[in-house]
Amino acid sequence: MIAKMLLPFLGGTPMVWNTCMVFFQALLLAGYGYAHFVTTRLKPQRQVALHLGLLVVAASVLPIQVSDAAVASLSDQSNPSVWLLGCLLTSVGLPFFVLSTTAPLLQNWFAGTNHPSARDPYFLYAASNLGSLIALLGYPVWVEPYLRLRDQSRVWSAGYAAGALLILLCAAAAARNRNSHTETALQPGAVGQHASVSEIRPRIATRRRFRWMALSFVPSSLMLGVTTYITTDVASIPLLWVLPLSLYLLTLI
């Protein structure tokens, strides 16, 4: 949606798509970093308060649009990638950052409950990426032909509000289940049955962490490289942008 708003000013070159992809991947990584920080440094109640506050702040820039000031600042003499990154940051950066934290944050809240699947919450990660894949493939079929960009942005804003409400409900449910989980753990005879994850898992070496991060660049680089190649040598059309990204999401699922 944001790419379609920006393409009339920049054209349909592969560099526009790749710059957008790099921006969103970097912001996604920042969102995961935020989720890791708050879940390891803050108590659950403060996590909820901080995240709901960010959801409210991010809503202040909705609906998503390219401002007249941003359009006026575009110059033929400057690097369009710099302008594009700045425009993405001011128009959709904050809402996307907040939403990018949802999957790891809610998985962590879920893992702290007494649900039977709480010890292995990563099926939620697969569901999250499946939703992304359905949205990616469904946009040109179900959304783009029937709604103007302005209407798409309004519908997206309504979906954002609904998502914020659902996150609030999830936080309340997690807190309720966490309290009952704690009470059960404190009952006589229950000691040792609910050891924390940090107590039972071995510490991961720093060298291995960096190796994992280095390896994660490989599929991302391949996706961007393949996209650039086929859209340069074949045609710069959205269908060819979507195919490598769909394969990328399938591997995450």
Residue by residue through the range 29-46, note down the ones that are modelled with pLDDT of 90 or more and open to solvent by less than 60 Å² (accessible area, probe 1.4 Å).
-> Ala30, Gly31, Gly33, Tyr34, Ala35, Val38, Thr39, Leu42
Within the range 104-119, how many residues are farther than 16 Å from Leu29 by Cβ and not in a loop (DSSP other than H, G, I, E, B)?
-> 6
Thr13 being open to solvent by less than 40 Å² (accessible area, probe 1.4 Å) and among the polar types (S, T, N, Q) | no
Since Leu6 meets every condition but one in (1) closer than 19 Å to Pro104 by Cα; (2) in contact with a helix residue (DSSP H, G or I) (Cβ under 8 Å, 6 or more places away or on another chain); (3) of a type outside the set (Val, Ile, Thr), which condition does it not meet?
-> (1)
The residue that is surrounded by the most Cβ atoms within 10 Å (Cβ to Cβ), considering only those in the range 120-135 that are in a helix (DSSP H, G or I) and without any contact (Cβ under 8 Å) to a residue 60 or more places away in the chain, is Ser128
Expected output for the range 92-105 (first residue under 12 Å from Ala58 (Cα atoms) and aliphatic (A, V, I, L, M), partner open to solvent by less than 40 Å² (accessible area, probe 1.4 Å) and not in a helix (DSSP H, G or I), Cβ below 9 Å, 6+ apart or cross-chain) is Val92/Ile64
Check the range 138-160 and report whether any residue there is open to solvent by less than 60 Å² (accessible area, probe 1.4 Å), at pLDDT 90 or above, hydrophobic (A, V, I, L, M, F, W, C) and in a helix (DSSP H, G or I).
-> yes
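The values are calculated or read from the model by the stated rules, or taken from the named source; none is laboratory data. Because the structure is predicted, anything quoted here is derived from the model rather than measured. So basically every Cβ, Gly included, is an ideal-geometry build from the backbone, and we count neighbours across all protein chains shown. Note: areas computed on protein heavy atoms with side chains; ligands, DNA, RNA excluded. Shrake-Rupley method; radii C 1.70, N 1.55, O 1.52, S 1.80 Å.
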